[in-house]
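Heads up: the structure comes next, in structure tokens.
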Amino acid sequence: MSATSAVARGTERAGERDLVPLPRALALCLWTGAYLRGDCGPDDAVQGAHGTGHRHVEHLDLDLFDWMTAVRRLPLVAVRPVLPAPGRIAGLVGPPAAIAAALAAEQALVVTAGGIADSTLIPAAETIGSPGEEGLIARWASHPAPPGAPMPPPPTDGARSRFLRALQQAARSTARLDLVPDEPIPLAHLPEGWTAIALPPRTDPQAGHLLLLAARTLLLSGAELAAADPVGSARTGTPGLAAQTSRTALLRELRDAAREALVDAVGTLSAP
């Protein structure tokens, strides 16, 4: 299979509507897992993990092809995704510089070998260029894990159930939420640290659909929370403030549940 055939055919088959928006570390985790299982070659895996967007992206510092082939030589290797947030760093293995970088990027990929943490890979994205001609630089850095660092926890089924309950609760709520996870998100709306990918070969359709819903929900709920105006809502009086507080709590539950479901879904789909 050529270096572009699997990814090109996957992207053409999916179309932009079915591309999955993902943090870059999670996109790499999915396609690295596919490569480690032998579902594709390293060229296809790197290209698939790069994904697509609305602007040109340069990937610098660590060469992902060399990194991926080196990872495959590790004994009993596995890759684990992490989406950390302040107060939520479970799954990170250090050193302190890696934890700080992962929190800044809000994402990381942890490599394990023989049941022991080996390293943490983190992308840092930066927009460059003038308005209308922006490009993006993604710098990848690998941090060796401290000796004896524990292996991150495996995926669980509880995150999926919590996410589905949160979606049902949001659907029943009277709060106005501008969230439609069934609709595609324009590439221009992706944050710097995200890309949009076609799913790797042999991805289970049901698992892929859950992955898509969780990713879109995480993006949309985060954007809604960032756009919230508690000061403006407070001026409407107690009823308005109470409604805004309820809406914010619902959005946070959606965001947190979607984050956990996305990590578990990617972890499951990336398993050897």
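The values are calculated or read from the model by the stated rules, or taken from the named source; none is laboratory data. Everything numeric here is computed off the predicted structure, so don't read it as measured data. Cβ atoms come from the backbone with ideal geometry, glycine included; neighbour counts cover every protein chain shown. For accessibility, only protein heavy atoms count, side chains too; no ligands or nucleic acids. Shrake-Rupley method; radii C 1.70, N 1.55, O 1.52, S 1.80 Å.
Does ALA70 satisfy being in a helix (DSSP H, G or I) and more than 30 Å from PRO186 (Cβ to Cβ)? Before you say what the answer is, go through the steps one by one.
Details: in a helix (DSSP H, G or I): yes; more than 30 Å from PRO186 (Cβ to Cβ): yes.
Here the answer is yes, as ALA70 does meet what is asked.
Mind checking which residues of segment 108-150 are assigned to a loop (DSSP other than H, G, I, E, B) and either β-branched (Val, Ile, Thr) or surrounded by fewer than 19 Cβ atoms within 10 Å (Cβ to Cβ) (or both)?
Listed by number, the residues that qualify are GLY114, GLY115, GLY129, SER130, PRO131, GLY132, GLU133, GLU134, PRO146, PRO147, GLY148, PRO150.
When you look at PRO154, is it touching a residue at least 60 places away in the same chain (Cβ under 8 Å), in a loop (DSSP other than H, G, I, E, B), under 19 Å from GLU260 (Cβ atoms) and open to solvent by 30 Å² or more (accessible area, probe 1.4 Å), yes or no? Before the answer, list the steps.
Values: touching a residue at least 60 places away in the same chain (Cβ under 8 Å): yes; in a loop (DSSP other than H, G, I, E, B): yes; under 19 Å from GLU260 (Cβ atoms): yes; open to solvent by 30 Å² or more (accessible area, probe 1.4 Å): yes.
Criteria met by PRO154.
Restricting to segment 162-176, count the residues that are open to solvent by less than 50 Å² (accessible area, probe 1.4 Å) and either at pLDDT 75 or above or in a helix (DSSP H, G or I) (or both).
Quick first cut of segment 162-176, residues open to solvent by less than 50 Å² (accessible area, probe 1.4 Å) only: 163, 166-167, 170, 173, 175.
When the remaining residues are screened for being either at pLDDT 75 or above or in a helix (DSSP H, G or I) (or both), the result is 163, 166-167, 170.
Total meeting the criteria: 4.
Tally time: how many residues in segment 248-271 are open to solvent by 10 Å² or more (accessible area, probe 1.4 Å) and in a helix (DSSP H, G or I)? Walk me through it before giving the result.
Initially, segment 248-271 is screened for residues open to solvent by 10 Å² or more (accessible area, probe 1.4 Å), giving 248-250, 252-253, 255-256, 259-260, 263-265, 268-269, 271.
Among the residues that remain, those that are also in a helix (DSSP H, G or I) are: 248-250, 252-253, 255-256, 259-260, 263-265, 268-269.
Result for segment 248-271: 14.
Within the group LEU60, LEU109, which residue is touching a Cys at 6+ places or on another chain (Cβ under 6 Å), of a type in the set (A, V, I, L, M, F, W, C), in contact (Cβ under 8 Å) with a residue 12 or more places away in the chain and closer than 30 Å to ARG17 by Cα? If you could, list the steps in order and put the result at the bottom.
Numbers: LEU60 fails: touching a Cys at 6+ places or on another chain (Cβ under 6 Å).
That would be LEU109, the only listed residue that is touching a Cys at 6+ places or on another chain (Cβ under 6 Å), of a type in the set (A, V, I, L, M, F, W, C), in contact (Cβ under 8 Å) with a residue 12 or more places away in the chain and closer than 30 Å to ARG17 by Cα.
All but one of (1) loosely packed, with under 14 Cβ neighbours inside 10 Å; (2) touching a strand residue (DSSP E or B) at 6+ places or on another chain (Cβ under 7 Å) hold for ALA25; which doesn't?
(1)
Just name the residue that is nearest to the chain's Cα centre (by Cα) out of those in segment 200-217 that are open to solvent by 50 Å² or more (accessible area, probe 1.4 Å) and of a type outside the set (D, E, K, R). Break it down stepwise before answering.
If we filter segment 200-217 for residues that are open to solvent by 50 Å² or more (accessible area, probe 1.4 Å), which is where we start, we get 202, 204-206, 209.
Still in the list and also of a type outside the set (D, E, K, R): 205-206, 209.
Numbers: PRO205: 18, GLN206: 18, HIS209: 15 Å.
Here the residue is HIS209.
Across segment 104-118, what is the number of residues that are of a type in the set (A, V, I, L, M) and either over 16 Å from LEU26 (Cβ atoms) or out of contact with any Pro (no Cβ under 9 Å at 6 or more places or on another chain) (or both)? Walk me through how you get there before you give the answer.
Narrowing segment 104-118 to residues of a type in the set (A, V, I, L, M): 104-105, 108-111, 113, 116-117.
Applying the additional criterion that residues be either over 16 Å from LEU26 (Cβ atoms) or out of contact with any Pro (no Cβ under 9 Å at 6 or more places or on another chain) (or both) yields 104, 111, 113, 116-117.
Number of matching residues: 5.
So PRO96 passes all but one of these: (1) open to solvent by 70 Å² or more (accessible area, probe 1.4 Å); (2) within 30 Å of ASP66 (Cα to Cα); (3) more than 18 Å from the chain's Cα centre (by Cα); (4) touching a residue at least 60 places away in the same chain (Cβ under 8 Å). Which condition number does it fail?
(4)
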